[in-house]
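Below you'll find the structure, written out as structure tokens, and then a few comments.
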Amino acid sequence: GIYLNHHRLTSDFLQNDPKAVLNPGDYLRVHQQPRRFPIERLQYPDCIVDITKDYVLVNKPTGLPVHPTVDNIQENICALLSTFLGEKLYVTHRLDMGTGGLFVLARTLQFQRYFNQLLADGRVRKLYRAQVAGNYDGELELTHYMEPSPKAPKNVSRFPMAGWPVCRLRILDCEYHS
């Protein structure tokens, strides 16, 4: 992972401009030990649940990022499935690395915009199932506000903040096991 002036350099950087040099004031960042991810967990084609002309529905295993990380652009589900299918895929939403489950990759930029608008309008529902220790004896709906930022992790607040989208977690059911 090498960045020059906040832009990631790819392996073809010097091939495109063999006389490329650093200039005074340039910002160079080098990740010498990029994070590694267990790509063997992505069992394709079994992880592909459905493919249409617009999207690929994927069953994501835990431990893998959906999208490139700052120090690793190859070991992520979008890049791996793009290579496997021989086409560029586009991230529509994400699941955290520690979360497994279904998510959608777009096959076109048009569908990516359409699906993102569905999410923004609240016309797509995402359901999560979590297993926790102990008893839950709290609210049935948890609300927080997320800072609109391209960086991760995101800042969140329990209180409304100007321009921050609301995120609601509604607990549908609780099962207690001993």
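The values are calculated or read from the model by the stated rules, or taken from the named source; none is laboratory data. From a predicted model like this one, the values you see are computed outputs, not experimental measurements. We place every Cβ from the backbone using ideal geometry, glycine too, and count neighbours over all the protein chains shown. Accessible surface is based on the protein model in full, side chains and every heavy atom, while ligands, DNA and RNA are left aside. Shrake-Rupley method; radii C 1.70, N 1.55, O 1.52, S 1.80 Å.
Within the range 53-93, take every residue that is of a type in the set (A, V, I, L, M) and assigned to a helix (DSSP H, G or I) and give me the one that is surrounded by the fewest Cβ atoms within 10 Å (Cβ to Cβ). Applying the filter and picking the extreme gives LEU85.
How many residues does the range 85-102 contain that are within 17 Å of LEU127 (Cα to Cα) and without any contact (Cβ under 8 Å) to a residue 12 or more places away in the chain? Let's see the steps before the verdict.
Our first condition is that a residue be within 17 Å of LEU127 (Cα to Cα); within the range 85-102, this holds for 92-102.
Next, only the ones that are without any contact (Cβ under 8 Å) to a residue 12 or more places away in the chain stay: 96.
Final tally of qualifying residues: 1.
Please verify whether the range 94-102 includes one or more residues that are at pLDDT 90 or above, in a loop (DSSP other than H, G, I, E, B) and not polar (S, T, N, Q). For the range 94-102, residues at pLDDT 90 or above, in a loop (DSSP other than H, G, I, E, B) and not polar (S, T, N, Q): absent. Of all residues in the range 10-32, those satisfying the criterion of being at pLDDT 70 or above and of a type outside the set (Gly, Ala, Ser) are VAL21, LEU22, ASN23, PRO24, ASP26, TYR27, LEU28, ARG29, VAL30, GLN32. Might you check whether a residue that is open to solvent by 70 Å² or more (accessible area, probe 1.4 Å), of a type in the set (Phe, Trp, Tyr), modelled with pLDDT under 75 and assigned to a loop (DSSP other than H, G, I, E, B) occurs anywhere in the range 163-176? Taking every residue of the range 163-176 in turn, at least one turns out to be open to solvent by 70 Å² or more (accessible area, probe 1.4 Å), of a type in the set (Phe, Trp, Tyr), modelled with pLDDT under 75 and assigned to a loop (DSSP other than H, G, I, E, B). Residues in the range 42-77 that are at pLDDT 90 or above and of a type in the set (Phe, Trp, Tyr): TYR55 only. For the range 43-70, the set of residues classified as closer than 30 Å to ARG29 by Cα and of a type in the set (A, V, I, L, M) consists of LEU64, VAL66, VAL70, listed by residue number.
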